[in-house]
Amino acid sequence: MILDILKKSRITLCYLLEAVLIVAVFVLVIDVLWGVFTRYAMDAQADWTEELARFLLIWISLLGGAVAFGEKAHIGVDYFVDLFDSSSRKMLAVFAQLVVLFFAVTIFIVGGSRVVIDTLQMEQVTPALGIQQGYVYLALPIAGTFMIIFTVERILELAFSKKQEGIK
């Protein structure tokens, strides 16, 4: 029962993240096209296009990685677990998820939040867009939060599953 709720929640969250990513990629494409157009047709590239493209790429990469992890498409975790025999896979799959959970908490949440707080307190502003740099770094704790949610769901799924094969 609870696993079904968690699975539906994960699917819904991935769907919402995918919608956000589609919009972000669309904006990125328009931004890059506008930058190229202004550079070659008007002999002066719009100042903000390169900066916006860089920031969108950061957000797309981090949120896209969270979606890939949520949809179990992250090759690194499955690959190493699948190298072992079927009797060890479940235990190794849980261990791999715990490593991911540790990484998501320490790097994405703790480290990312620290970077966001520090840059917001220093009031660092981007040169072309004039937004606070901390908002760009906010992608770290947001992506980490999604990774934690997906990892906890996966650990519970592994713990309560009858299969001994782990990931598959």
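From the list Ile58, Ile117, Ile75, Ile142, exactly one residue is β-branched (Val, Ile, Thr), touching a Leu at 6+ places or on another chain (Cβ under 8 Å) and either farther than 30 Å from Met1 by Cβ or modelled with pLDDT of 95 or more (or both). Which is it? That would be Ile142, the only listed residue that is β-branched (Val, Ile, Thr), touching a Leu at 6+ places or on another chain (Cβ under 8 Å) and either farther than 30 Å from Met1 by Cβ or modelled with pLDDT of 95 or more (or both).
Taken across the range 21-39, residues that are at pLDDT below 95, of a type outside the set (S, T, N, Q), in contact with a His (Cβ under 6 Å, 6 or more places away or on another chain) and surrounded by 13 or more Cβ atoms within 10 Å (Cβ to Cβ) do not occur at all. Considering (1) out of contact with any His (no Cβ under 9 Å at 6 or more places or on another chain); (2) surrounded by 13 or more Cβ atoms within 10 Å (Cβ to Cβ); (3) part of a helix (DSSP H, G or I), the lone condition that Thr106 does not fulfil carries the number (2).
Determine whether Phe80 is part of a helix (DSSP H, G or I), surrounded by 13 or more Cβ atoms within 10 Å (Cβ to Cβ) and among the aromatic types (Phe, Trp, Tyr). For Phe80, the condition - part of a helix (DSSP H, G or I), surrounded by 13 or more Cβ atoms within 10 Å (Cβ to Cβ) and among the aromatic types (Phe, Trp, Tyr) - is met. Any residue at all in the range 123-136 that is surrounded by fewer than 16 Cβ atoms within 10 Å (Cβ to Cβ) and of a type in the set (Gly, Ala, Ser)? Yes: one or more hits.
If you go through the range 62-77 and keep only what is in a helix (DSSP H, G or I), touching a residue at least 60 places away in the same chain (Cβ under 8 Å) and not hydrophobic (A, V, I, L, M, F, W, C), you end up with Gly65, Gly70. Just wondering, is there one or more residues in the range 24-47 that are in contact (Cβ under 8 Å) with a residue 24 or more places away in the chain and within 25 Å of Thr151 (Cα to Cα)? Scanning the range 24-47, I find at least one residue that is in contact (Cβ under 8 Å) with a residue 24 or more places away in the chain and within 25 Å of Thr151 (Cα to Cα), so the answer is yes.
Filtered by the rule that a residue be under 17 Å from the mean Cα position of the chain (by Cα) and surrounded by 14 or more Cβ atoms within 10 Å (Cβ to Cβ), the range 93-102 gives Gln97, Val100, Leu101.
Candidates in the range 17-49 are the residues that are of a type in the set (A, V, I, L, M) and part of a loop (DSSP other than H, G, I, E, B); of these, the one that is nearest to the chain's Cα centre (by Cα) is Ala46. Every condition in (1) surrounded by 16 or more Cβ atoms within 10 Å (Cβ to Cβ); (2) closer than 27 Å to Pro141 by Cβ holds for Lys90 except the one numbered (2).
Evaluation of Phe146 against the conditions (1) over 22 Å from Leu62 (Cβ atoms); (2) in contact with a helix residue (DSSP H, G or I) (Cβ under 7 Å, 6 or more places away or on another chain) shows that the sole unmet condition is (1). When Gly130 is tested against (1) in a helix (DSSP H, G or I); (2) of a type outside the set (Lys, Arg); (3) within 30 Å of Phe26 (Cα to Cα), only condition (1) is not met.
The values are calculated or read from the model by the stated rules, or taken from the named source; none is laboratory data. Bear in mind the structure is a predicted one, so any value in this text is a computation, not a measurement. Glycine also receives a Cβ, built like all others from the backbone with ideal geometry; neighbour counts cover every protein chain displayed.
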